[in-house]
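First up is the structure itself, then whatever we jot down about it.
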Amino acid sequence: MRVYVEGYGCSQNLGEAEALREATRASGHTLVQRPQDAEVGVLVTCAVIGPTEDRMVRRWQEMSPLWRHTVVTGCMVPLRKERFVGPLARGSPPHFLSIRDQTRFPQVLAELAGLEAPRSPPQAPAAPPGANPGGSSPPRHVWGEVTLTQGCTSHCTYCFSRLARGPLRSVPLDQIRTSVERALGQGAREIRLTSLDTSCYGMDMGGPEAPRLPEVVRMLGRLGCPEEFRIRVGMMSPQTLRTIADEYLPLFRAEPRLFRFLHLPVQSGSDGVLGSMRRGYTVSEFRQLILRGREIAPDLTVSTDVITGFPGESEEDHQATLRLLRDVEPEIVNVTRFSPRPLTPAARLSPVPARVAKERSREIARLRHDVARRRLERYIGSRWDCLVVEEGVGETRVGRLDNYLPVVLPQEAPIGQWARIQVHGVRTTYLLGDFLGPTQRPLPASPGEVETP
């Protein structure tokens, strides 16, 4: 059967969409690039905020008439099926596939194929990450997503994702290794370790001897591979990172394959708001984790998330968040206005007026742009060996420095290869670079090392 997969949301969702594409190929079906060419359409849904959920439903309504069968999976399936089958839903009811049953996707396809004419001849079992249609070269990207856990250990009062994904279930170390080796064998050069909270990995395995995230990174650092690769560890919670900080943060210096990148959502600069959110840490604890990380790796790229307009947030709370961002100066700040989600405790609280939340969001956005530009301008004139990982907009390529900052390069920079570059400009969220030529460099520069002409 001809299958089209479309994914939305966080990197874990996108990684699961890629896994469904691989399962399609491996089970002998045809993966197509355009929705109108498919018999089976798959939507990997996100429901992190209300507008995103609405977008998922609109997309299903737009696309399902094109397909004989629609499969809906992702975070909407456990708790929001009624949006697809209720009296207000339009379109044929889809087939639902829960997140933890996604390994059954080949079975689902087989069952659907039994309702149709015989399927096309089997294809090759797998294609490289980011392969272009028809096997054309170069690939569109050379990163592979590997999931560390389902669920998490937190009890955030606003979070729908933790309800959708359930309690923590860590993937065994040997399965992680197998997934990474498979991705590397298919051409991946950047391994993205994903989870709702990567730093809670192993907390469900019991006892002090259970493996945690540092063991995962060290294991991957020892892997033999004909081509050098890098590891990007995804989002963490300060609540769980602090339990492994003494072991994990030094890896930014000790493990050369690990991108010096820390995605650590703070959500608010007010201890009162953090308490209402049940985040499980204080502003001071968050700040100390950032300071320790930058002591070890001075060029560490810090990404954080902020929710503005959380119920009960006062102007003083908002100003505390602005002060924290000015103090910590993260290179990346993702700003979201609070959106009440069904079944969450925060949905029952009195909201901040929409106009107030909107203005606070704009103020944080202006500050983050100023901070990011100031942080990035210090790279102008520096030279790096970077890994070119994907196509950019138009005739460009995107590379990643050893601290994971993105640099936009001209088209001649080869995807999947190392390139010698010089930074000549910045935008709010990325660097602009000149391609000086290909290079072979098995190990990255040490933390904080920047070569200038």
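For the range 141-188, the set of residues classified as among the basic types (K, R), in a helix (DSSP H, G or I) and under 19 Å from T240 (Cα atoms) consists of R162, R165, listed by residue number.
With respect to P340, determine if the residue is out of contact with any helix residue (DSSP H, G or I) (no Cβ under 7 Å at 6 or more places or on another chain), in a loop (DSSP other than H, G, I, E, B) and of a type outside the set (G, A, S). So P340 does not fit the description; no. Of all residues in the range 343-384, those satisfying the criterion of being without any contact (Cβ under 8 Å) to a residue 12 or more places away in the chain and either within 25 Å of the chain's Cα centre (by Cα) or under 23 Å from D327 (Cα atoms) (or both) are E359, R362, R366, D370, R378. Every condition in (1) more than 22 Å from S179 (Cα to Cα); (2) modelled with pLDDT of 90 or more is met by W60 except one, and the failing one is (2).
Is one or more of the residues making up the range 303-315 β-branched (V, I, T) and surrounded by fewer than 21 Cβ atoms within 10 Å (Cβ to Cβ)? Break it down stepwise before answering.
The first filter runs over the range 303-315 and keeps only residues β-branched (V, I, T), leaving 304, 306-308.
From what is left, the residues that are surrounded by fewer than 21 Cβ atoms within 10 Å (Cβ to Cβ) are none.
Looking through the range 303-315, none of the residues is β-branched (V, I, T) and surrounded by fewer than 21 Cβ atoms within 10 Å (Cβ to Cβ).
Would you check if A47 is outside the structural domain of T336 (by TED's automatic domain parsing) and assigned to a loop (DSSP other than H, G, I, E, B)?
Values: outside the structural domain of T336 (by TED's automatic domain parsing): yes; assigned to a loop (DSSP other than H, G, I, E, B): yes.
When the stated conditions are applied, A47 passes them.
Filtered by the rule that a residue be closer than 30 Å to G275 by Cβ, crowded, with 18+ Cβ neighbours inside 10 Å and not hydroxyl-bearing (S, T, Y), the range 151-191 gives G151, C152, C156, C159, F160, R162, A164, R165, L168. The number of residues in the range 337-376 that are surrounded by fewer than 16 Cβ atoms within 10 Å (Cβ to Cβ) and polar (S, T, N, Q) comes to 1.
The values are calculated or read from the model by the stated rules, or taken from the named source; none is laboratory data. Remember, it's a predicted structure, so these values are computed and weren't measured experimentally. Ideal geometry is used to build each Cβ from the backbone, glycine not excepted, and the neighbour counts take in all protein chains shown.
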